[in-house]
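A short worksheet on the structure shown next.
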Amino acid sequence: METEEHQGHKGLKKGLYVLPTAFTAANIAMGFFAVIWSIRGFHLAFDNPAAAASYFNYAAIAIGLAILFDTLDGRVARATKTATELGVQFDSLADVLTFGIAPIALIYSWGFAPSFGEKTSEHGFAIFLLFMYLMCGAFRLARFNLQATRPRVLIEGTPKLDKKNFVGLPIPPAAGLVASIVHFAPMPLNTYGEGFARFYAMLMMVLIAVLGVLMVSTLRYTSFKTAGTGRRNLYLVLLIAAVGMLIWLYSEYVLLILSGIYVSHGVIWYVFSLLRRRGREQTAEA
């Protein structure tokens, strides 16, 4: 009897390892559908913009759901103590697809391809920026994996691993900001007229470049990994419920605001810390 119970517990433990993998698989599925829907939207961008907007919106929502699944797989792995190095690598490969390739396919199909002619210099530069965004995201994931698995072998001067903060902008929020913009205005940019389409596409090119730089930077971004621990669980649950309700009612506005705040808070945090440091130096000199 004891042997059967022991085997049952052992089988349950093995089954728990499937849970984080299932969330990662869901993450990959959302990235896959986001790419497919972006391609479908591109095919309809000129002939049927309204139908194209629906596909672009589906792709943006898929990326948003992927962020949720990506957040849950890590938390489930830590809660069930089933985190493995294989899971870390699998999650990073999933992130390259869902938060690297999928946002590129979406922003190209929704904004750059409808706004610029294929043989124009703007189109070529947009392709270059999208490629650099992908390279920066892949580098960001590789650096995170190195810091998470072997923090002692990092070269001197590299920021130490901090569970409360990320070093550089994580790739999911970067993709989330792009997706939230498309979710806010899913109509392809060519529907705004040639002048406005080029102007908005130029702004998106600047945003893509900024996101790439932030991902490879050493700015600190809150990880929220310690959220949900301690005595303030009730307040966190209430906050999540309130935000969830707002997203359900006003998703176009709330998701754009939340993603914009997260992406910008690392820069604001750095500026404040720099000003504080200079203030201390001036006080010490006085």
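Quick note: the coordinates plus some simple rules give every number you see, no bench work behind them. Small disclaimer: the values here were computed from a predicted structure and weren't measured. Here the Cβ positions follow ideal geometry from the backbone for every residue, glycine too, while neighbour counts run over all protein chains shown.
Mind ranking 98-110, 204-216 by how tightly packed they are, going by the mean number of other C-beta atoms within 10 angstrom, highest first? Write out the running numbers ahead of the final one.
Details: 98-110: 26.0, 204-216: 19.0.
Averaged packing, sorted descending, gives the order 98-110, 204-216.
Let me check I've understood the local charge: for Tyr270, count other residues with C-beta under 13 angstrom from its C-beta, Lys and Arg +1, Asp and Glu -1. What total comes out?
Details: positive: Arg220, Arg276, Arg277, Arg278; negative: none.
Result for the local shell: +4.
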